[in-house]
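The values are calculated or read from the model by the stated rules, or taken from the named source; none is laboratory data. Bear in mind the structure is a predicted one, so any value in this text is a computation, not a measurement. Backbone-built Cβ (ideal geometry, glycine too); neighbour counts: all protein chains shown.
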């Protein structure tokens, strides 16, 4: 497997998924880069039983779990996106686009990042990455029914969040993918 070609092809999707999982661009940069460092070290171990993207996404999920365990949920919640304003990474809107940065902060994906791990991962894979339910189950290595349940409960939680925030919240952009706004 050519690491450079694989990185070029899959980095944007992996970074976008990391952004939604983490809820902020700084941790997403680290998580995506670490995913591709593992590819560089262990790419020869890829057996081809799944797609390269599925394999990389599995690495991303494992790294995210490890990071969450290390940081602890309380500390992580204190590091929400709207508390900091550094330069926006290249897969996000440019640093000269404050309106787009504000849209990200107010988007549905910023709320998805606050959901429990299983719901968050399932919603990211289904709506941000556009995977079918069966593919989500394969990536997460869990039964199809579990995926459907997580998506159902995740969407219900998003509806409750939006209802508690008022009508303006229902009109927010669903950056980076529009599909989830129709589901909520």
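Details
- Those residues of segment 1-45 which are buried (at least 20 other Cβ atoms within 10 Å of the Cβ) and outside any helix (DSSP H, G or I), in sequence order: 23, 24
- Only listed residue being on the phi < 0 side of the Ramachandran plot, at pLDDT 90 or above, part of a helix (DSSP H, G or I) and touching a helix residue (DSSP H, G or I) at 6+ places or on another chain (Cβ under 8 Å), chosen from 154, 145: 154
- Residue 93 falls short of the stated requirement of being under 16 Å from the mean Cα position of the chain (by Cα), within 18 Å of residue 27 (Cα to Cα) and at pLDDT below 55.
- Selection within segment 120-140 - in contact (Cβ under 8 Å) with a residue 40 or more places away in the chain and closer than 17 Å to residue 64 by Cβ: 120, 121, 123, 124, 125, 128, 129, 139, 140
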